[in-house]
Amino acid sequence: MSKNYWNTFLSLSILLSLSVVLRAQSTEFRFAVFFKDKGGINCNYSSESPLSYLSLRAIDRKFSQGIAIDSLDFPVHAEYRNQVLATSSNFKEAGLSRWLNCQLISCSDSLSINQLSQLPFVSSIECIYRGSSILKKQGKPTFSNPTLASTQEFDLNFAASGSVYGQAGIQNQMIACDYLHGSGFWGQGMLVAVLDGGFSGVQSMGAFSRAFSNGQMLGNWDFVEQDGDVYEDSQHGTYVLSCMAAWQPGAMVGTAPAASYVLFKTEHVAAETPMEEYYWVLGAEMADSLGANVLNASLGYTEYDAPFTSHSYLTLNGTTAPASRGAETAASKGLWIVNSAGNSGNKPWKYVGVPADARSIFAVGAVQADRSYAAFSSQGPSVDGRVKPELCAMGRNSTVMNAAGISTANGTSFSAPIFAGALTSFLSMHKEATPNELRQAVLKSCHQYLQPDEKLGYGIPHFGRASVLMNQQASTGLRIVPNPVQSGILRLIVEAPQADSVSITIRNSSGMEVIRENRSIGLKGPTALALNLQKKDLPSGVYWVQIQGSSGTWAEAKWVNP
């Protein structure tokens, strides 16, 4: 699908002028109704009681990364939702975004939406869809709890040829995913969310039978039709999922076959409208609330069916389009976002799409089997000069699977999940590392890290090299002994790059600084530091310790206060 669509919104006045002509037809409209706040003094939620709106897994993931729970995590205010729906019997709820603080409304008479502008808590209204009716009987998604797939089921001896991968050998070995698997890390313990336009045949394919029987397929949801059936409409998501989750040794093995998965349908395959960006965000929000570690979206937005709603290169700044704002928020909440760069490299529009322009994600371009640039792969930079795509994987003649068997396909739609699955296995190998350490190790492992360009970004990652870099960071960074702390004394061993005056900062899981002390280090090399915490009265929990010298941050580490 890897579409390249970009969004400038329909104004309400334009919509109303068109609706006179369309009212007599069987037409559905969808609007995003934005609210001014989350209820103000009447807000029913608190960052101190997150279990009412986030899963325990989501809370644990944020806590372990030192990410604060804030008002962005709060659901949309229930009273606002109810008042909007009560305004007209023609209104049906078609989605909620807590990050964008809006309610998606479906209706057949667009004129009635004008009544909402009179509500004091409504800040703006945007039309995001006009077309044939697609809303089905509304339901409620349910998901199973993630389970650890047995590593024994995936513990194989790899020959140098990687024959266990079958036809997927080249694409997996190109980024050294075989190093991760050979070390026993297949993505176990990780949860991956996949956003796409449909997953036809997945539930009956032999390549996924082990994932279903092992309890790794945790659930799905169709945001567009508001039902629990994603196994329809398109096999694009099936291809994408196979790059990560397929398990058919000797024929095809994906890059994270031991991970758990949730499947989200966020695309309306019959039309290209701004609505799809909003459902991208809703998919990311649900992934976040479930505690997913990685999100793969082989989707992108630049042009829509109505030309005046399409995006332009000037807005590729990572902060303007709804999906880009959603991707940035998702990354700030601790999700690793992997998005295809797009397939416009050899077209008049040659640039990456939305949300590949977001700042804190991995936008993935495509190379061929010989590691050279695939001409269709969308290019950078972003409009503000950032490197895009960040990196590349094999996207030309990628091995994929559907219900009919193994085939090949072209597109960054497939380079993205090949990388996303390897990243998932990498995360299962380095669960204690900080997000900054992980991201830097992956980027530094790329083959042209020192000379990035507009086609390949930093280049092709090598997860074996990234793991070495992680080990180097661990051995020359900061160690806390013992951890958890004992006797109220926090003992730090830091590899000092030089004699210097340093600042030791400790932050709690909300990011708030709780301790800061200054020390002098007289010599380069391993240095022991001790902080007396006996009178600090710090509550139990996870904290982040950072040591900064005059040249910047030396090291950081997670510390558990029992």
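When the stretch 332-380 is filtered for residues that are among the aromatic types (Phe, Trp, Tyr) and crowded, with 24+ Cβ neighbours inside 10 Å, the ones remaining, listed by number, are Trp336, Tyr351, Phe362. Only a single item in (1) touching a helix residue (DSSP H, G or I) at 6+ places or on another chain (Cβ under 8 Å); (2) surrounded by 17 or more Cβ atoms within 10 Å (Cβ to Cβ); (3) not in a loop (DSSP other than H, G, I, E, B) is not met by Gln115, and it is number (2). Here the stretch 76-86 is the region considered, the condition is being touching a helix residue (DSSP H, G or I) at 6+ places or on another chain (Cβ under 9 Å) and buried (at least 18 other Cβ atoms within 10 Å of the Cβ), and the residue that is nearest to Ser112 (Cα to Cα) is Val84. Within the stretch 368-376, can one find any residue that is closer than 23 Å to Arg439 by Cα and of a type in the set (A, V, I, L, M, F, W, C)? Looking for residues that are closer than 23 Å to Arg439 by Cα and of a type in the set (A, V, I, L, M, F, W, C), one finds none in the stretch 368-376, hence no.
With respect to Phe31, is the statement that it is under 25 Å from Ser310 (Cβ atoms) and at pLDDT 85 or above true? Criteria met by Phe31.
Quick check, is Ser324 within 25 Å of Ile460 (Cα to Cα), in a loop (DSSP other than H, G, I, E, B) and under 13 Å from the mean Cα position of the chain (by Cα)? Taking the combined requirement at face value, the residue does not satisfy it.
Figure legend. Inter-residue proximity from the stretch 120-144: first residues farther than 14 Å from Trp221 by Cβ, second residues modelled with pLDDT under 75 and part of a strand (DSSP E or B), beta-carbon distance below 6 Å, spacing 6+ or different chains. Indicated pairs: Cys127/Leu10.
Can you confirm whether the stretch 335-352 contains a residue that is β-branched (Val, Ile, Thr), at pLDDT below 95 and farther than 20 Å from Thr424 by Cα? Within the stretch 335-352 (the criterion being β-branched (Val, Ile, Thr), at pLDDT below 95 and farther than 20 Å from Thr424 by Cα), the answer is no, since none of the residues qualifies. Scanning the stretch 354-370 for residues that are more than 30 Å from Lys431 (Cβ to Cβ) and touching a helix residue (DSSP H, G or I) at 6+ places or on another chain (Cβ under 9 Å) gives Val354, Ala369. Can you tell me which residue in the stretch 33-73 is nearest to Asp288 (Cα to Cα), limited to those that are of a type in the set (D, E, K, R) and surrounded by fewer than 17 Cβ atoms within 10 Å (Cβ to Cβ)? It comes out as Arg57.
For the stretch 214-259, the set of residues classified as of a type in the set (Gly, Ala, Ser) and within 24 Å of Ser183 (Cα to Cα) consists of Gly215, Ser242, Ala245, Ala246, Gly250, Ala251, Gly254, Ala256, Ala258, Ala259, listed by residue number. Within the stretch 404-415, not a single residue is touching a Ser or Thr at 6+ places or on another chain (Cβ under 9 Å), modelled with pLDDT under 95 and not β-branched (Val, Ile, Thr).
If I ask for residues that are more than 13 Å from Gly283 (Cα to Cα), buried (at least 22 other Cβ atoms within 10 Å of the Cβ) and touching a residue at least 60 places away in the same chain (Cβ under 8 Å), which ones from the stretch 182-210 would you list? Before you say what the answer is, go through the steps one by one.
Of all residues in the stretch 182-210, those more than 13 Å from Gly283 (Cα to Cα) come to 182-191, 198-210.
Next, only the ones that are buried (at least 22 other Cβ atoms within 10 Å of the Cβ) stay: 185-188, 190-191, 198-199, 202, 205, 207-208.
Passing the criteria: Phe185, Trp186, Gly187, Gln188, Met190, Leu191, Gly198, Phe199, Val202, Met205, Ala207.
Scanning the stretch 245-274 for residues that are surrounded by fewer than 24 Cβ atoms within 10 Å (Cβ to Cβ) and either free of Cβ contacts under 8 Å to residues at least 12 places away in the same chain or part of a loop (DSSP other than H, G, I, E, B) (or both) returns Pro249, Gly250, Ala251, His268, Val269, Ala270, Ala271, Glu272, Thr273. Scanning the stretch 502-541 for residues that are under 30 Å from the mean Cα position of the chain (by Cα), loosely packed, with under 12 Cβ neighbours inside 10 Å and either hydroxyl-bearing (Ser, Thr, Tyr) or more than 17 Å from Lys558 (Cα to Cα) (or both) yields a total of 1.
For the stretch 514-562, the set of residues classified as out of contact with any Ser or Thr (no Cβ under 9 Å at 6 or more places or on another chain), polar (S, T, N, Q) and not in a loop (DSSP other than H, G, I, E, B) consists of Thr527, Asn532, Thr553, listed by residue number. Checking Gly206 against (1) modelled with pLDDT of 95 or more; (2) farther than 22 Å from Leu423 by Cβ; (3) in contact with a helix residue (DSSP H, G or I) (Cβ under 9 Å, 6 or more places away or on another chain), which test does it fail? Result: Gly206 passes all but (3). I'm checking my understanding of the structure. Among residues of the stretch 135-167 that are at pLDDT 80 or above and in a helix (DSSP H, G or I), which one is nearest to Val230 (Cα to Cα)? Per the stated criteria, the residue is Tyr165. For residues that are in contact with a helix residue (DSSP H, G or I) (Cβ under 8 Å, 6 or more places away or on another chain) and more than 19 Å from Gly189 (Cα to Cα), scanning just the stretch 281-295, find the one that is surrounded by the most Cβ atoms within 10 Å (Cβ to Cβ). Going through the qualifying residues, I end up with Ala284.
Just to be sure before I move on: is Arg81 of a type in the set (D, E, K, R) and under 17 Å from Thr266 (Cβ atoms) in the structure I sent?
Answer is no for this residue.
The values are calculated or read from the model by the stated rules, or taken from the named source; none is laboratory data. Since this is a predicted model, take the numbers as computed values, not measurements. Cβ coordinates were reconstructed from backbone atoms using ideal geometry, including for glycine residues, and neighbour counts include every protein chain displayed.
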